[in-house]
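Okay, structure first, notes after.
What follows is calculated from the coordinates using simple rules that are stated; it is not laboratory data. Just so you know, these numbers come straight off a predicted model, no measurement behind them. With ideal geometry, Cβ positions are generated from the backbone for all residues, glycine too; neighbour counts draw on all protein chains shown.
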Amino acid sequence: MLQIQTIRDKKEEIIQALTKRNLDASPLVNGVLDLDEKRRATQTQLDNTLAESNKLSKEIGHLYKSGKAQEANELKAKTSALKEDSKVLSEQLANATEELQTLLYQIPNTPHDLVPAGSSEEDNEEVFQEGTIPVLAEGALPHWELAKKYDLIDFELGVKITGAGFPVYKGKGARLQRALISYFLDKNTDAGYTEMQVPHLVNEASGYGTGQLPDKEGQMYHVTEDNLYLIPTAEVPVTNLFRDEILAESDFPKRYTAYTPCFRREAGSYGAHVRGLNRLHQFDKVEIVRVEHPSKSYEALDGMVEHVKNILRDLQLPYRILRLCGGDLGFTSALTYDFEVFSTAQDRWLEISSVSNFETYQANRLKLRFKDENGKSQFAHTLNGSALALPRVLAGILENYQTPDGIKIPDVLVPYCGFEVID
RNA sequence: GGAGGAAUGGCAGAGUGGUCGAAUGCGGCAGUCUUGAAAACUGUUGAGGGUCACACCUCCGGGGGUUCGAAUCCCUCUUCCUCCGCCA
């Protein structure tokens, strides 16, 4: 969430910036400022009451010690009124704080200057494109047909044991996916990201920390018995490793990578565009996460973009990079680049990575801070990106590398697969 | 799952009702000494709220209670340790 201090100092700028999200934030912002004032006034009253009460208690202690029980008892009577007051005040304070929190949770991150205005994905700005779109032979198939033809993925079997959106990968299909995971992890660790294996279930506090809660509760599978959530992305457990931490400046940069399955309910999204691997309830992803000094975070974002580019060059997949417009930008992000691979067989772009800088928005919720050169605590910046999401990369490879004689495996993956062609 | 024990500052570890935000040691930082370093010595060193700055308030695993007053007593939850059971 936004920092209350920033809202106090830069109210108009914030409202202005949020118009890019097509949001009139002035009622929210004004509400926040009113509540903030109310909260502080209540806090001051409570503090004064407690100070008075603390003082009396000390006196009572001294009086008892010096044997003046009579006088002590007189003072005791005075404290009961203060006690009543402080009880009422602390309830008011708790209410004001909670209301304030609720409002703050409703304000999305302020978009970076580079974020283009716009209302939907139509308005995203293409900033880069690279790679040759292959010309496929007559009769080229979409990946779900290829998966069936070569017995790589069984969607029906997944329906049988779980439901739609939970595919079963088989034989060379499973092996290719595993090869991609290993390859991505190797690329990431070579680039300085430390590999982590993290839990696939997280608690409520973690959900709040990275911003999945309370806004996107319906997107996560909730294990109510234990009040745990299946992770929608490794971003959640990995970023939460730093919850409640105060780093030293010398700790930067922090770079992590993790492979995890991801679980998303994706309620209500059905249709032609979600066929095959295009949208799943469970999928694999290799994530990169960085925690950075505020002055270095955009440099870091650019570095992550370059890194993902390198992977796609390695795989020789045609791709483009979009700068998300205000209307398409995630709630917690300040600036996001989406990577899309062109699928020739489907004749459409498939999103395979999303790289974002959250600035202090998550750090504020996480209480992730560092000591600056003056010894003062400041919020760090958090970033993350997919490197990469598996299903659509798999789809892109199957579709773009198909030949009448089978599917060729990209050169960099051959050592990981142990075969050169699927036929 | 059963029985017992524990949770205090970056770490270790005192503190069982008032003078405790908290001894002491280690670590960190600054200084003295030194050509430099080490050692030694001196000082300093938790977080949040609040204030122009002070004052002041809150926090001793989380929540609740007793009391004029709680790190200290009671209840509850969580986590960790030991023993037993089960088990990949």
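Miscellaneous remarks
- Per-residue packing, averaged as other Cβ atoms within 10 Å, sorts the ranges A:146-157, A:394-405, A:38-49 into the order A:394-405, A:146-157, A:38-49, beginning with the highest.
- Among beta bridges that DSSP assigns inside chain A, antiparallel share in %, nearest 5: 90
- Per-residue packing, averaged as other Cβ atoms within 10 Å, sorts the ranges A:176-182, A:127-133, A:30-36 into the order A:176-182, A:30-36, A:127-133, beginning with the highest.
- Cα centroid of segment A:295-350 to Cα centroid of segment A:369-385, whole Å: 26
- Dipole magnitude of segment A:4-106, debye to nearest 20 (Cβ charges: Lys/Arg +1, Asp/Glu -1, about Cα centre): 360
- In the distance distribution for chain A, Cα-Cα pairs more than 29 Å apart total 54 percent.
- Principal axis dimensions, segment A:4-106 - Cα atoms, whole angstrom, descending: 70, 20, 15
- Cβ-placed point charges (K, R +1; D, E -1), dipole of chain A about Cα centre in debye, nearest 20: 1120
- Mean Cβ count within 10 Å, highest first, over the residues of peptides A:117-124, A:183-190, A:70-77, A:99-106: A:183-190, A:99-106, A:117-124, A:70-77
- Extreme residue, positive dipole direction of chain A, given options A:183, A:248, A:389 (C-beta unit charges): A:248
- Charge tally around residue A:258: other residues with Cβ under 12 Å, Lys/Arg +1 each, Asp/Glu -1 each, net -2.
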